[in-house]
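Heads up: the structure comes next, in structure tokens.
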Amino acid sequence: MQRRERTRHLIELGGLVQKAGLVDLADDDRATIYGALLELVSKARSEAGDDTLALWKRRGRRAFDAEEAEWETGE
């Protein structure tokens with residue numbers, strides 16, 4: 001059961017990478033995507049990391065909300 005849940009979780013995270021446009025932007029190059037993610041982690045661990053994480057969370061929430069509103073209105 002835990003293995004299935006972990007697999008689903010990893011698939012969802014991969015979907016977010018795709019949804020954010022990183023796959024297309026990086027031309028599906030895994031080294032580029034991995035490097036970009038490592039850069040994000042580095043930025044989040046910096047002195048301004050808490051502010052950075054809060055900003056990312058707000059942007060992500062707005063994007064999810066906009067997508068949900070779009071889905072509900074059929075636009």
Over the Cα atoms of the chain, how large are the radius of gyration and the largest Cα-Cα distance (Dmax), in Å? 15.0, 42
Electrostatic dipole magnitude of the chain [Cβ: Lys, Arg +1; Asp, Glu -1; Cα centre; debye, to 20]: 500
Ignoring everything but the protein chains, give the 1.4 Å probe accessible area of residue 39 in square angstrom, nearest 10. 120
Candidates per trypsin sites (Lys or Arg not before Pro) in segment 14-58, loop by DSSP, up to 13 other Cβ within 10 Å: 45
Hey, what number do you get for the chain at 222 nm if only DSSP H runs of n ≥ 4 count, each worth -39500 (n - 2.57), divided across all residues, to the nearest 500? -27000 deg cm²/dmol
Taking r as the C-beta separation of residue 4 and residue 61 and R0 as 30 Å, the FRET efficiency to the nearest 0.05 is 0.60
Check every DSSP H run in the chain and write down those whose alpha carbon atoms cover 18 angstrom or more along the long axis and whose mean Kyte-Doolittle hydropathy is -0.5 or greater. 30-44
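The values are calculated or read from the model by the stated rules, or taken from the named source; none is laboratory data. What you are looking at is a predicted structure, and each value in this text was computed from that prediction instead of being measured. Ideal geometry is used to build each Cβ from the backbone, glycine not excepted, and the neighbour counts take in all protein chains shown. Each accessible area value is taken on the protein alone, full model and side chains, heavy atoms only, with ligands, DNA and RNA left out. Shrake-Rupley method; radii C 1.70, N 1.55, O 1.52, S 1.80 Å.
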